[in-house]
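One structure is given here, and the rest of the page talks about it.
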Amino acid sequence: MAIVLFTDFGPDLYVGQVKSVLLEHAPHVPVIDLLHDAPAFDVRASAHLLAACVPRFAPGSVFFAVVDPGVGTARGAIVIECDGRYLVGPDNGLLSVCAGRSAASRCWSIAWRPDTLSSSFHGRDLFAPVAGAIAAGNWPDGRLVAQSSPEVALGIEDACAIIYVDRYGNACTGVRASHVRRDALVHAAGARCMYAPVFGEAEAGEPFWYENSLGLVEIAANRASAASLLALRVGHAITIDGIYGEHDLHHRAR
């Protein structure tokens, strides 16, 4: 059992405050910082990235997942169980891709509100206490109300767009590599990227695509930044010639 943090909070003072609350409610549960530079304000990109990450963790893990540009508005707050893993966060679509792709899922609305609730920091005041209680084995009876599914659902289709750029300049897409033939061409920013299984089999400085460690199509360059070479950023659409079947063909990010 672990609590896994997935946020767009960055290196600011917010993560430490969340961890303080988690420590109060689940003092013996390890906390894993998965990501704090999820695409800021970009719920769709973050949802696809989260969906690729969640299956890498053991059942029983509790994900504190917050990319929440609508904090303080009427958007809901939910808990979703996805194949034995629990996701706590805003009902703005962030958790919906993972839920839609799960073999089994259940959903609850967080009806409880603490006595003190900052209008701008539900991560600390609302989501962290609930995530901590679940991780500690103290199911928050009376705080959750079952609902059939998230109110905001983004769909389970792959996103043909850049969803994350890492420190090396590798540009991760929202396309599952299992859907793409190895002879496919990935088109991004006017470039045609051919497949290479590993960096060492690509020409130095030449953009290519490969299946990254999350099972997603990623555009990279051997010993160079593909993002810099092609001026790629999160949200840039791509197209792929060679997707298996018709379900994702030329699907673009909205």
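Laboratory data are not the source of any read-out in this text; all were calculated from the coordinates shown. Computed from a prediction, not measured in an experiment: that's the story for all the values here. Cβ coordinates were reconstructed from backbone atoms using ideal geometry, including for glycine residues, and neighbour counts include every protein chain displayed.
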| Between S149 and Y168, what is the label-to-label distance in nm when each label sits 7 Å out along the Cα-to-Cβ direction? | 3.7 nm
| field | Additional length obtainable on full extension of the chain from R182 to M1, 0.36 nm per residue less Cα span | value | 61.5 nm
| note | When the charge dipole of the chain is computed with +1 at the Cβ of Lys and Arg and -1 at the Cβ of Asp and Glu, the Cα pointing farthest to the positive end, of F57, I110, A2, is that of I110
| query | Which of the trypsin sites (Lys or Arg not before Pro) found in the stretch 123-215 are loop residues per DSSP with 13 or fewer other Cβ atoms within 10 Å of their Cβ? | reply | R167
| In the stretch 21-86, which chymotrypsin sites (Phe, Trp or Tyr not before Pro) fall in coil by DSSP and have 14 or fewer other Cβ atoms within 10 Å? | F41
| Over what distance in Å are the Cα centres of the stretch 153-170 and the stretch 1-70 separated? | 17 Å
| field | Förster-model FRET efficiency, 22 Å R0, S228 and H36, C-beta, rounded to 0.05 | value | 0.45
| Arranged by the count of other C-beta atoms within 10 angstrom, fewest first, what order do W108, W209, W139 take? | W139, W108, W209
